[in-house]
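Visitor: Structure provided below as structure tokens; questions to follow.
Where a number appears in this text, it was derived from the coordinates with a stated rule and is not lab data. In this text, all values refer to a predicted model and were calculated from it rather than measured experimentally. We place every Cβ from the backbone using ideal geometry, glycine too, and count neighbours over all the protein chains shown.
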Amino acid sequence: MFSSRNRAIGKAHSKLILIGEHAVVYGQPAIALPFPTLTVTCAIEEADSGIHLDSKLYSGPIDQIPKRLKGLAICIHKTIQEIGKHHNGLLLKIESMIPIGRGLGSSAAIAVAIVRSLFQYFNCELSDEKLRELVNIAETYAHGNPSGIDMESVCCDEPIWFERGKGIASVAIRSSFYLVVADTGRAGDTRSAVGSIKHKLDKSPIQTKQSIDRIGQYTLDARNALIQGNLVQLGLLLNLAQTELEKLGVSDHGINHLVNIARNAGALGAKLTGGGRGGCIIALAENCVQAREISEQLNQNGAKRTWSFKVEETQQFQSITS
Ligand code: PMV
């Protein structure tokens, strides 16, 4: 046992975007799922003086943090300022299972774990609204113009329907399914991928807008497929979204290769997840045998690693049908 005055732990899980990434930046809807297999923990202890970070990304005083991580330092300072309580010194130890830059929400999850642990350390209540406000500071620094979907999905334990500026709603899932997540082994750069679509929109507005609108329509259709438990239709929609993401230039050779392997191994559909240009793909499987076969094929054909997990039917839906 330990005293909560002297030590505190905050946790968060990673996320997957099922469909709608990139288009969501331009006001289209997206569907995201919690990915509970991969988690991050922030443990806080008293230190003699100053605020220090101990993590794989950086270890040392947060005032000397590298520029790319500065958003985290600002988020920590703002959180402590918000709490308004005195401390002599703090050590924040971060342990993350979430690979960085793979579209799995690692930066948002780290920020969530940090904010939760700081509020716990100082025995202060943390509202959902305050959590989002503080995490958004780190996310804006890391991504430039985030839609907010990463932050929302790492904060939620249920599948979410997300529209920028409108918040979240729950998503009804009639039939459980399996997702296989495969890592290309290469970090993507969400900020530059988002920037490249902005550039495309300026250069070829009609075509680019068409792709964005199509992804929005596929996302609406995917919500219906989930409600109806129509996994074949859902797979088809994932494939169609991938085609538009390819046209938008955020897929790449390595992603396309894994997507094809997954489809040939029996996936009902496969696409990139998150920012793209590296990162991960997701493949939809009807059952665990199919998921295992897809995983095996991906592992033998270039995936750095794979995870597979079951997405359960939602409570909300169970109560409607029972
Ligand atoms: O952070 P990532 O790589 O999971 O991407 C987030 C989703 C995007 O739509 C690409 C960007 C955003 O802010 O919505």
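Visitor: I'd like the distance separating the alpha-carbon centroids of the stretch 91-160 and the stretch 163-238, in whole Å.
Guide: 22 Å
Visitor: Just how large is the dipole of the stretch 167-322 about the Cα centre, in debye to the nearest 20, putting +1 at every Lys and Arg Cβ and -1 at every Asp and Glu Cβ?
Guide: Here the size comes out at about 400 debye.
Visitor: Related question: Mind checking the angle between helix 205-228 and the chain's longest principal axis? C-alpha axes, 0 to 90 degrees, to the nearest 10.
Guide: Compared with the principal axis, the helix lies near 90 degrees.
Visitor: Another one. By how many degrees, 0 to 90 and rounded to 10, does the Cα axis of helix 190-203 deviate from the longest principal axis of the chain?
Guide: Computed tilt is about 50 degrees.
Visitor: With a point put 7 Å past each Cα toward its Cβ, work out how far Gln228 is from Met97 in nm, to one decimal.
Guide: In this crude label model, Gln228 to Met97 measures out at 3.6 nm.
Visitor: Number of Lys-Lys pairs in the stretch 1-151 under 23 Å by Cα, sequence gap 8 or more or different chains?
Guide: Value for the stretch 1-151: 25.
Visitor: How high is the relative contact order of the stretch 178-272, given as a whole-number percent (alpha carbon pairs under 8 Å, six or more residues apart)?
Guide: Worked out over the stretch 178-272, it gives 29 percent.
Visitor: Oh, and also: What full-extension length gain, to one decimal in nm, is calculated for Ser176 and Gln315 as 0.36 nm per residue of separation minus the Cα-Cα distance?
Guide: 48.9 nm
Visitor: Further question: Rounded to the nearest 20 Debye, what is the dipole magnitude of the stretch 77-193 about its Cα centre when Lys and Arg each give +1 and Asp and Glu each give -1 at the C-beta?
Guide: 180 debye
Visitor: Right, another one. Any idea what the dipole of the chain comes to, in debye rounded to 20, about its Cα centre with Lys/Arg Cβ at +1 and Asp/Glu Cβ at -1?
Guide: 620 debye
Visitor: If one takes the longest principal axis of the Cα atoms in the chain, at what angle in degrees, from 0 to 90 and to the nearest 10, does the Cα axis of helix 253-264 lie?
Guide: Orientation of helix 253-264: about 60 degrees from the principal axis.
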